[in-house]
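The values are calculated or read from the model by the stated rules, or taken from the named source; none is laboratory data. Please read these numbers as outputs of a predicted model, since none were measured by experiment. Because the Cβ atoms are built from the backbone with ideal geometry, glycine has one as well, and the counts that use them run over all protein chains shown. Just so you know, the surface numbers come from the protein's heavy atoms only, side chains and all, with ligands and any DNA or RNA stripped out. Shrake-Rupley method; radii C 1.70, N 1.55, O 1.52, S 1.80 Å.
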Amino acid sequence: MIAQNIGFLIIAIVMIVAALRVVTTNNVVHAALWLVVVLAGAAAQYILLAAEFVAVTQVLVYIGAVMVLFLFGTMLTRARIGAESDLNNSYKKLGIPVGLVMLVAMGLALTDSFGDEKLPESAKVVSTQEVSDQIFGPYLLPFWALSFVLLAAVVGAIVLARKD
Amino acid sequence: MFVNQFLFLGAILFCIGVYGVVARKNAVLMLMSIEIILNSVNINLLTFALRNGSTDGHVFALYIIAVAAAEVGVGLGLVLLVYRNKKTISIDDLSEMRG
């Protein structure tokens, strides 16, 4: 338990710092690379939460595919790679109170609801078989819908991005 | 491990993502902030899946990952289209739909 808590703390701090860098850095490529740190940290937290299949999917889909898309998008939409000054809104200071108010509201609600409730000590890792039994059993219809969403997204992205 | 330590991590990441969406003008950076928000939601779902001993949260997390991949694909396609037509991806310069 102690080791898990130390691991959680280190990964959480790294994730928060990296997320802050994503939203504050002046370099789009740096933001993408800091986002890799956040996503990898999230995958590590999923493993701490006994969700190995979701963690593997996170690495494959997010760090593998989505980051490549982001870097290609960065490459195709700007000529220069480097620090820029016009990435933020003129009213970006408005975002700080918005975020803080939301954080305080959520923090109060969470402390009120869960207090010092603990996660079950002897949780066993959820196997891929259990997850697939859920997906192809009770959640089959959303799975089909999701397949069509992905198909429509792929076709739509090609239609949008191709040159006529 | 407390339930709240994971939920607070999710809340902090969510607020950072919201700040990013509000503060950023560059469309690609806004999409990155949205990814942070979606990941914080996934952490919450998996926390509750562990707390309640069910696998439903895992299924929802996987569906969110799939939808996020579709969203990034279409979003970056849109960004490319906008860049090709306007030579900029600054959200502030896209005001055609203003009444």
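Would you mind telling me the share, in percent, of accessible area of chain A contributed by carbon and sulfur at probe 1.4 angstrom?
On the way: 6940 of 9520 Å².
About 73 percent, which is the carbon plus sulfur part of the accessible surface.
Could you work out the longest stretch of chain A that avoids the GluC sites (Glu not before Pro) located in DSSP loops with at most 11 other Cβ atoms within 10 Å?
A:1-116
Please work out the ratio of the alpha-carbon Rg of chain B to 2.2 N^0.38 Å and round it to two decimals.
Details: Rg = 16.7 Å, N = 99, 2.2 N^0.38 = 12.6 Å.
That works out to 1.33 for chain B.
What total accessible area, in Å², is buried where chains B and A meet, using a 1.4 Å probe and rounding to the nearest 100?
Protein heavy atoms only, the B-A interface buries about 7000 Å².
I need the trypsin sites (Lys or Arg not before Pro) found in region B:19-92, filtered to DSSP loop residues with at most 16 other beta carbons within 10 Å of theirs. Mind showing how you got there, number by number?
On the way: sites: B:R24, B:K25, B:R51, B:R84, B:K86, B:K87; in loops: B:K25, B:K87.
Sites meeting the loop and neighbour criteria: B:K87.
With +1 on each Lys and Arg Cβ and -1 on each Asp and Glu Cβ, and nothing else charged, work out how big the dipole of region B:3-87 is about its Cα centre, in Debye to the nearest 20. Please report the intermediate quantities before stating the final value.
Values: 6 positive and 3 negative charges, 99 e Å.
Roughly 480 debye, rounded to the nearest 20.
Region A:100-150 to region B:7-49: how many Å between their Cα centroids?
Result: 16 Å between the Cα centres.
Calculate, for chain A, the solvent-accessible area per residue in square angstrom, rolling a 1.4 angstrom probe over the heavy atoms of the protein chains. Please list the in-between numbers first.
Values: 9520 Å² over 164 residues.
The answer is 58 Å² per residue.
Could you give the longest part of chain A that holds none of the trypsin sites (Lys or Arg not before Pro) found in DSSP loops with at most 13 neighbouring Cβ atoms within 10 Å?
Details: sites that count: A:R80, A:K124, A:R162, A:K163.
Looking at chain A, A:1-79 is the longest stretch - no exposed trypsin sites (Lys or Arg not before Pro) with at most 13 other Cβ atoms within 10 Å.
Indicate the residues belonging to region A:102-121 that lose 40 Å² or more of solvent-accessible heavy-atom surface (probe 1.4 Å) upon moving from the chain alone to the assembly of all protein chains, ignoring ligands and nucleic acids.
Buried on complex formation: A:M102, A:L103, A:M106, A:L110, A:F114, A:E117, A:K118, A:L119.
Counting only protein heavy atoms and a 1.4 Å probe, tell me what percentage of chain B's accessible area is made up of carbon and sulfur.
Details: 2350 of 3560 Å².
Its accessible area is 66 percent carbon and sulfur atoms.
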